[in-house]
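The structure under discussion appears below in the form of structure tokens.
The values are calculated or read from the model by the stated rules, or taken from the named source; none is laboratory data. Worth saying up front: this structure is predicted, and the values here are computed from it rather than measured. We place every Cβ from the backbone using ideal geometry, glycine too, and count neighbours over all the protein chains shown. Each accessible area value is taken on the protein alone, full model and side chains, heavy atoms only, with ligands, DNA and RNA left out. Shrake-Rupley method; radii C 1.70, N 1.55, O 1.52, S 1.80 Å.
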Amino acid sequence: MLDVLAEQEGELFGGLRHMAAEGVDLLIIDGGDGTVREVLTRLPEAFGGRIPRLALVPNGKTNALALDLGVPLGTTLDAILAAARAGKRPKRRHCLEVCRPGLALPERRGFLFGLGAFVKATELAQRNHDRGFFDNAAIGVTLAGAVLHTLFGGPNDPWRRGEPVRAGFDPDGPRARFLVLASTLKRLPLGLKPFGPPHEGLKVLSVEAPPRRLIKALPVVLSGRDEPWLASSGYRRDDLTELGLDFPGDFVLDGEVFEGGDLSVRQGPELEFVIP
């Protein structure tokens with residue numbers, strides 16, 4: 001059992017290959033959501049398709065996965081090892097995979113994907129991190145800022161106009177989207193429920209641009225409720241195993257911005273987490 005802190009991509013992959021050769025069966029990830037993303041992206045290849053049990057020491061700027069799994073901040077290595085030795089029942093979560101046409105392996109693996117306003121909100125969140133806001137505080141400040149930008153921007157404001165997105169559930173071609181959000185997490189920070197009541201699997205929320213009836217829709221969507229007028233106003237929830245997307249802008253996966261284009265988001269393998 002080894003403790004892993006992801007810093008350099010080449011060193012990370014080499015370290016994972018070494019652990020696989022040593023027969024490691026419990027991989028403890030020290031860091032936040034971004035560190036988890038980098039480890040998961042390289043883990044199956046490094047381990048030859050075998051995925052060991054995982055555990056988290058949540059020490060990042062954002063720790064949404066740890067919150068979802070019920071891993072408390074301040075969790076120690078000793079507590080994780082004690083839980084593993086005691087045979088405590090693990091928790092299971094599917095990750096999601098971002099795939100490109102023509103590539104044999106997924107480009108990235110993580111848990112929370114977003115484009116459109118989610119990219120702008122992430123950039124705003126990074127500035128809030130620099131101001132000393134982290135986890136729930138950062139999410140609350142960022143959400144408030146995003147709402148203000150959207151409500152008070154003009155018709156050509158980049159927050160409101162969205163971007164053209166061809167999604168697999170759009171039979172008529174690309175549509176202007178304010179937001180597309182996808183996740184395999186069950187619980188999100190601050191108790192937000194944009195995908196409806198918590199449940200397993202790959203969940204998707206899409207919002208057409210410009211967002212209509214936003215002041216009325218926002219508390220309904222974020223509380224997980226449904227109303228008959230949501231769909232007719234451009235708010236759509238789906239439970240899928242895979243979603244094809246084609247868009248000119250960037251996307252965010254677990255807190256970092258990546259180049260968009262023609263790609264698919266699909267449900268990845270089920271992972272086993274040791275919880276102290």
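All of (1) over 22 Å from the mean Cα position of the chain (by Cα); (2) surrounded by fewer than 19 Cβ atoms within 10 Å (Cβ to Cβ) hold for Ile51 with one exception: (1). Listed by position, the helices (runs of 4 or more DSSP H) contained in segment 1-113 that have at least 1 residues being within 26 Å of Asp239 (Cα to Cα), in contact with a strand residue (DSSP E or B) (Cβ under 6 Å, 6 or more places away or on another chain) and touching a residue at least 40 places away in the same chain (Cβ under 8 Å) are 33-46, 64-69. Taken over segment 59-109, residues that are open to solvent by 10 Å² or more (accessible area, probe 1.4 Å) and within 23 Å of Val257 (Cβ to Cβ) amount to 18.
Every residue, every condition in (1) within 30 Å of Leu103 (Cβ to Cβ); (2) assigned to a strand (DSSP E or B); (3) without any contact (Cβ under 8 Å) to a residue 24 or more places away in the chain; (4) open to solvent by less than 20 Å² (accessible area, probe 1.4 Å), yes or no:
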{"residue": "Pro194", "(1), (2), (3), (4)": "yes, no, no, yes"}
{"residue": "Pro210", "(1), (2), (3), (4)": "no, no, no, no"}
{"residue": "Val220", "(1), (2), (3), (4)": "no, no, yes, yes"}
{"residue": "Asp238", "(1), (2), (3), (4)": "yes, yes, no, no"}
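Among the residues of segment 6-17, not a single one is surrounded by 19 or more Cβ atoms within 10 Å (Cβ to Cβ), at pLDDT 90 or above and in contact with a Cys (Cβ under 6 Å, 6 or more places away or on another chain). With (1) within 24 Å of Arg161 (Cα to Cα); (2) over 16 Å from the mean Cα position of the chain (by Cα); (3) open to solvent by 50 Å² or more (accessible area, probe 1.4 Å) as the list, and Arg225 as the residue in question, which single condition is left unmet? Single failed check for Arg225: (1). Looking at this structure, is Leu245 open to solvent by less than 60 Å² (accessible area, probe 1.4 Å), part of a strand (DSSP E or B), in contact (Cβ under 8 Å) with a residue 24 or more places away in the chain and closer than 18 Å to Leu40 by Cβ? So Leu245 does not fit the description; no. So, Asp254, is that one on the phi > 0 side of the Ramachandran plot and in contact (Cβ under 8 Å) with a residue 40 or more places away in the chain or not? Spelling it out, Asp254 is indeed on the phi > 0 side of the Ramachandran plot and in contact (Cβ under 8 Å) with a residue 40 or more places away in the chain. State whether the residues of segment 258-265 include one that is within 16 Å of the chain's Cα centre (by Cα), surrounded by 19 or more Cβ atoms within 10 Å (Cβ to Cβ) and over 19 Å from Gly173 (Cα atoms). Scanning segment 258-265, I find no residue that is within 16 Å of the chain's Cα centre (by Cα), surrounded by 19 or more Cβ atoms within 10 Å (Cβ to Cβ) and over 19 Å from Gly173 (Cα atoms), so the answer is no. Among the residues examined, Val265 does not qualify as among the β-branched types (Val, Ile, Thr) and either closer than 19 Å to Pro158 by Cβ or touching a helix residue (DSSP H, G or I) at 6+ places or on another chain (Cβ under 7 Å) (or both).
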